[in-house]
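Okay, so here's the structure we're looking at.
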């Protein structure tokens, strides 16, 4: 019974990782860059919710909508100002710029909200579900997170497969130059990808901070790195891969924390990642790497 | 004499110039310290310049020369720092001679980092590009995490080790050497500015000679085209592991020097942020440019200190400087603008004009 409740806890954490990992994986697939600032967009989303709900005293729904709007705008702005000028530069230069953006967001948050950890009021006001005569208790946040994850997964896959913008995204990720010849606006497509990724980050921030429930300027960094690892775990660039990677990572982390060691749970997650990559160098669902001579 | 200088290869000459400059700066610093004209802050920074310089040079070997992105360089440094400091703490009463003890500590730290360099080097052969970046990042986090949970103590029965806080039971009179998140406390402060400068020069000479040697050319050939390199008979496995191991060894050495410069060694310092910081040194100094790594390590260590008057805005400005510098350095539009507005070109055009005018006259 205890195992089951740990498993559910793991799936909750994994769902959050999956939603964040989608942002990483889409951006990587299309712009071929590691967006290290993505974790900090989550933090910004959390602070928007915090401001609207706890400081201005508005309703949770308004707070979530505000977070999604702010994060989307933020993602597009970052792409326009920091990444677009470097579209043709070496990937290392873009990586360092992304790190610069990450520092910038963290320090802005530090300036505005201070270094103290703030307590975060949960957005959801739901009764926990009790199963098996009260032995398993699933919190409202967990239920909402898992449902949100499934909905996002289905929605995003449909969007990418069916809509014109989605197909443009696939085209750009396969071959940028050929996509241009087919009349796809590459800059617009990449901006859309950033917008979607950042909006998902806002959703993830609401889910994550509601269940912790606290927030500080650096609390986006670790979920960001974990989600990034989840994206790689599942095969970066692949949307179902991000989902599988995220959930596996969450489950492994929670089970490792409960059964092996509290302090070593992160080390276990990372060790498994290395082992998986040794066996499958491009992740679980990653495309095979073909080398042309 | 002039004839002799001409005979020295170009590489040796440039090495001599660099080493000479470092020694001159070192002497100037010593004079300033002797005259009491150096602030306390600056004195503290001098050591940092050296070990950050070493880290930047050694990372440049993997990132610039081998062409593999590593985000876990702090992990190697951490291993070096902890094994070196552990050795010093254990041997503090056994080996009384500071010189011998510290030399052995440096050796132990460098060797243990090298062992992990080999292990990661083997992984490098399997995984490539951004995936490798993640593997190295994961490696750095594992090292940090494990050392954060590791407790090692000594009592009359010998050494005891345990993972996790409060699990280690020592007999009376036993002492804790590595105390989990608290790390190692009371490391003898053996590393001095002079030692650090000597090791910085050593690192520079060894790595720049490696780059200009047969092995270095082989490593660069692998970077530029692995398949072509393989087809002309370069042993990719050997050279990749070689580059990774040497890079790790020097990071370990820098770690030992770092550990013997501070009182408390905590594993939390060696997180992903430290690796990123070293990577920023390398990228801003010029990927593959060893001298550049050293210079940018010094400048980027100084910059946050000199921005202290900005108080809370300090790191914000640092981040903006970083972004602007990257865009200015790498954006195609900026490169074009720089070419059009470069001082060198303007001077050249002016000289041409003057020359033409004189000819006409």
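The values are calculated or read from the model by the stated rules, or taken from the named source; none is laboratory data. No experiment lies behind these values; they were computed from the predicted model shown. Cβ atoms come from the backbone with ideal geometry, glycine included; neighbour counts cover every protein chain shown.
Assorted remarks:
- Some residue of segment A:115-126 being assigned to a helix (DSSP H, G or I) and surrounded by 12 or more Cβ atoms within 10 Å (Cβ to Cβ): no
- Note on segment B:267-291: residues that are modelled with pLDDT of 90 or more and away from chain A (no Cβ under 14 Å) total 2.
- Filter result for the condition that a residue is within 19 Å of residue B:91 (Cα to Cα) and within 14 Å of another protein chain (Cβ to nearest Cβ), over B:179, B:155: B:179
- For segment B:136-164, a residue qualifies if it is in a strand (DSSP E or B) and over 30 Å from residue B:279 (Cα atoms), and the qualifying residues are B:151, B:152, B:153, B:154, B:155, B:158, B:159, B:160, B:161, B:162, B:163.
- Boolean, residue A:274 is touching a helix residue (DSSP H, G or I) at 6+ places or on another chain (Cβ under 7 Å), part of a helix (DSSP H, G or I) and closer than 22 Å to residue B:273 by Cβ: yes
- One residue alone among B:354, B:321 is under 27 Å from the mean Cα position of the chain (by Cα) and either in a helix (DSSP H, G or I) or within 7 Å of chain A (Cβ to nearest Cβ) (or both), and that residue is B:321.
- Screening A:217, A:242, A:230 for residues that are more than 9 Å from chain B (Cβ to nearest Cβ) and outside any helix (DSSP H, G or I) leaves exactly one candidate, A:217.
- Flag: residue A:98 matches the condition of being in a helix (DSSP H, G or I) and surrounded by 13 or more Cβ atoms within 10 Å (Cβ to Cβ).
- Single condition residue B:262 does not satisfy, out of (1) within 14 Å of another protein chain (Cβ to nearest Cβ); (2) modelled with pLDDT under 90: (1)
- Entirely in segment B:189-262, the helices (runs of 4 or more DSSP H) that have 1 or more residues that are within 20 Å of residue B:100 (Cβ to Cβ): B:193-211, B:236-259
- Residue in segment A:248-267 that is modelled with the highest pLDDT, counting only those that are in a helix (DSSP H, G or I) and at the interface with chain B (Cβ under 9 Å from one of its Cβ atoms): A:267
- Test result for residue B:167, away from every other protein chain (no Cβ under 14 Å), part of a loop (DSSP other than H, G, I, E, B) and exposed (fewer than 15 other Cβ atoms within 10 Å of the Cβ): no
- Considering B:142, B:222, B:227, B:198, the condition of being under 23 Å from residue B:261 (Cβ atoms) and either modelled with pLDDT of 85 or more or touching a strand residue (DSSP E or B) at 6+ places or on another chain (Cβ under 7 Å) (or both) is satisfied by B:198 alone.
- Segment B:117-135, residues that are at pLDDT 90 or above and crowded, with 23+ Cβ neighbours inside 10 Å: B:117
- Pair list, Cβ under 6 Å, 6 or more apart: segment B:213-229 residue surrounded by 15 or more Cβ atoms within 10 Å (Cβ to Cβ), other residue part of a loop (DSSP other than H, G, I, E, B): B:218/B:234; B:219/B:66; B:221/B:234; B:223/B:66; B:223/B:67
- Selection within segment A:90-114 - within 19 Å of residue B:70 (Cα to Cα), at pLDDT 85 or above and more than 7 Å from chain B (Cβ to nearest Cβ): A:94, A:95, A:98, A:102
- Test: residue in segment B:237-255 that is within 14 Å of chain A (Cβ to nearest Cβ) and either under 18 Å from residue B:49 (Cβ atoms) or more than 12 Å from the chain's Cα centre (by Cα) (or both): no
- Verdict on residue A:139 being within 24 Å of residue A:211 (Cβ to Cβ) and either at the interface with chain B (Cβ under 10 Å from one of its Cβ atoms) or in contact with a helix residue (DSSP H, G or I) (Cβ under 8 Å, 6 or more places away or on another chain) (or both): yes
- Qualifying residue in segment A:167-180 (condition: surrounded by 17 or more Cβ atoms within 10 Å (Cβ to Cβ), in contact with a helix residue (DSSP H, G or I) (Cβ under 7 Å, 6 or more places away or on another chain) and closer than 30 Å to residue A:113 by Cα): no
- Note on segment A:45-65: residues that are touching a helix residue (DSSP H, G or I) at 6+ places or on another chain (Cβ under 7 Å) and surrounded by fewer than 24 Cβ atoms within 10 Å (Cβ to Cβ) total 8.
- Residue match in segment A:157-166 (condition: touching a residue at least 60 places away in the same chain (Cβ under 8 Å), touching a strand residue (DSSP E or B) at 6+ places or on another chain (Cβ under 9 Å), more than 14 Å from every other protein chain (Cβ to nearest Cβ) and surrounded by 12 or more Cβ atoms within 10 Å (Cβ to Cβ)): no
- Looking only at residues in segment A:74-84 that are surrounded by fewer than 19 Cβ atoms within 10 Å (Cβ to Cβ) and touching a helix residue (DSSP H, G or I) at 6+ places or on another chain (Cβ under 8 Å), the one that is nearest to residue A:19 (Cα to Cα) is A:76.
- Filter result (part of a loop (DSSP other than H, G, I, E, B) and facing another protein chain (nearest Cβ under 7 Å)) within segment A:74-89: A:88, A:89
- So residue B:300, is it more than 11 Å from every other protein chain (Cβ to nearest Cβ), closer than 18 Å to residue A:98 by Cα and crowded, with 17+ Cβ neighbours inside 10 Å: yes
- Residue in segment B:112-120 that is closer than 30 Å to residue A:253 by Cα, more than 17 Å from the chain's Cα centre (by Cα) and more than 14 Å from every other protein chain (Cβ to nearest Cβ) present: yes
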